[in-house]
Structures are given as structure tokens and as C-alpha cells.
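The values are calculated or read from the model by the stated rules, or taken from the named source; none is laboratory data. On a predicted model such as this, the values are computed, not experimentally measured, just so you know. A quick note on method: Cβ atoms are made from the backbone with ideal geometry, for glycine too, and the neighbour counts reach across all protein chains shown. Accessible surface is based on the protein model in full, side chains and every heavy atom, while ligands, DNA and RNA are left aside. Shrake-Rupley method; radii C 1.70, N 1.55, O 1.52, S 1.80 Å.
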Amino acid sequence: MIASPALGQRATPIKKSIATPRTVTAIPTDFSDGLNRIRTLTTERRFALVLLELNALTVRAKTMQQQSIQSSLPGTPDGFSVEPPQSADDADSPYIVFSRSYLGPENCGFEITITMSDPSIDEYRQMIQNPASVALMDDTKIIEFKSGFLALEKYTSFDGIYERHIILGNNLMVTVTGHGISNRSRIDTFCDALDLARVQSELRQ
């Protein structure tokens, strides 16, 4: 990991990795059928049925999106297990497109949250682009990943909590939170296993 720039140095511009072009898969038949039904029902002005079809397609689209993002993440680390969502409210947030928690030995755990169009993303971007704004903050610094993406890291030594807010684009952010971390290499290894460029590509950034 690369430490934050010294006070007064020019911030490194946020890099936008170019992902390898992917083969575009065909839209599932059930999804296409639903779109066709919506067009027909809209033409017939049967709007109550249009809303029912839209709700069904929204659920289907979320499932497809979850599957797409999961293909960009590593498998469950050795000794860890995937935990169920802690809060239904978080899962239903309009900004959260993916969230997953892992629980490991000795109460060590990680959580990945991917957000889009969250107003806080711009705040983190501005802090990263202005290193002087974080130079005087305790336990907060700018770090760079091997893939070239920059992140704002916050560390609470008392609780062993790391927060890494990784900016992947103007409106896309991956947040990795680690708790019970006594050895920094644990969260480094976990973050290095993330295919950030592919996450960016999957969400078309």
C-alpha cells in the first residue's frame, strides 16, 4: 500500500482503469418477456398491471445485478463465513447496490458495501483530491491500491476498525470495513483480492 501524499504535494488524480471488454450476454427470456408485456400494457393504458410488471422486473433486475457483482468478488476467505444482512433498511437503501459481510476467527470480520450516486461519494473524492484536508486528521490517510484506485482510510485503533472508501468513478464507491483487526496485513490481503476494475466494469463506470 502507498501512504498518503505529504502535506503540500499535488494530489494524484483519480485513475479510471480500462477494463478488458466483456462478452455481452443475452437478456434472459423471462426479462425480455416482461419488457414486452410492459410495452403492450402501456399501449393499452392498463397502468395498474404495468406497475405490477415493473415491480416484478425490479426484483429480477436486482437479482441479476447481485449475481453480476458477485462474479467480481473473491471467494469467501479461509476461516470466514458469509453473514446474513444485519439490517433490512440498509439493504433497501437506494444508494446501496451490493452488500456482504464475512465473519472470521477471533471476532474478526469484513464488510463490503458498493454504493452508487450516494452524496457522500463526492465528499470522499474531494478529500482524496486535497491531501492537505486530511493531513491533520488522526488515523486518517489516503492510500493507493495496486490497481491504481485511491481510497480514504480511517483507522480506530481502540476497536481495531478499518474503513476504506475506494473511489471507482464519479458516482461509484466500494467501502471495505474491517473490525477486530489486530494485524493490518489481514485487511490488505482482503482488499487486494477484490477485482476493483471488474466491479467498475460490471456497473459500467
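Per-residue extension of 0.36 nm, minus the Cα-Cα distance of Ser120 and Lys62, leaves a gain of 18.6 nm for this segment. The chymotrypsin sites (Phe, Trp or Tyr not before Pro) of region 129-205 that meet both conditions, a loop assignment by DSSP and at most 16 other Cβ atoms within 10 Å of the site Cβ, are Phe158.
In this simple spin-label approximation, Ser93 and Thr29 carry label points 7 Å from Cα along the Cα→Cβ vector, and these lie 3.9 nm apart.
Can you tell me the length gained on complete extension of the stretch Phe47 to Ser147, counting 0.36 nm per residue apart and subtracting the Cα distance? Please report the intermediate quantities before stating the final value.
Details: separation 100, 0.36 × 100 = 36.00 nm, distance 4.70 nm.
Contour length minus the Cα-Cα distance gives 31.3 nm.
The label-point distance for Ser71 and Lys154, in a model that sets each label 7 Å from Cα toward Cβ, rounds to 3.4 nm.
What is the percent carbon and sulfur in the accessible area of region 41-195, measuring with a 1.4 Å probe over the protein chains and ignoring ligands?
Numbers: 4260 of 8420 Å².
Using a 1.4 Å probe with all protein chains present, region 41-195 comes out at 51 percent carbon and sulfur.
For region 65-205, the alpha-carbon coordinates run over 39, 36, 30 Å along the three principal axes, in decreasing order.
Assuming R0 = 22 Å, what is the FRET efficiency of Asn55 and Ser81, from their Cβ-Cβ distance, to the nearest 0.05?
Values: r = 32 Å, r/R0 = 1.47.
With a Förster radius of 22 Å, E is 0.10.
Grab the beta carbon distance between Asp195 and Ala132, set R0 = 41 Å, and tell me the FRET efficiency rounded to 0.05. The formula returns an efficiency of 0.80 here.
Dipole magnitude of region 98-181 about its Cα centre, charges +1 at Lys/Arg Cβ and -1 at Asp/Glu Cβ only, in debye to the nearest 20? Numbers along the way, then the final one.
Values: 6 positive and 11 negative charges, 54 e Å.
Dipole size: approximately 260 debye.
Using a probe of 1.4 Å on the protein chains alone, the accessible area found for Leu172 is around 0 Å².
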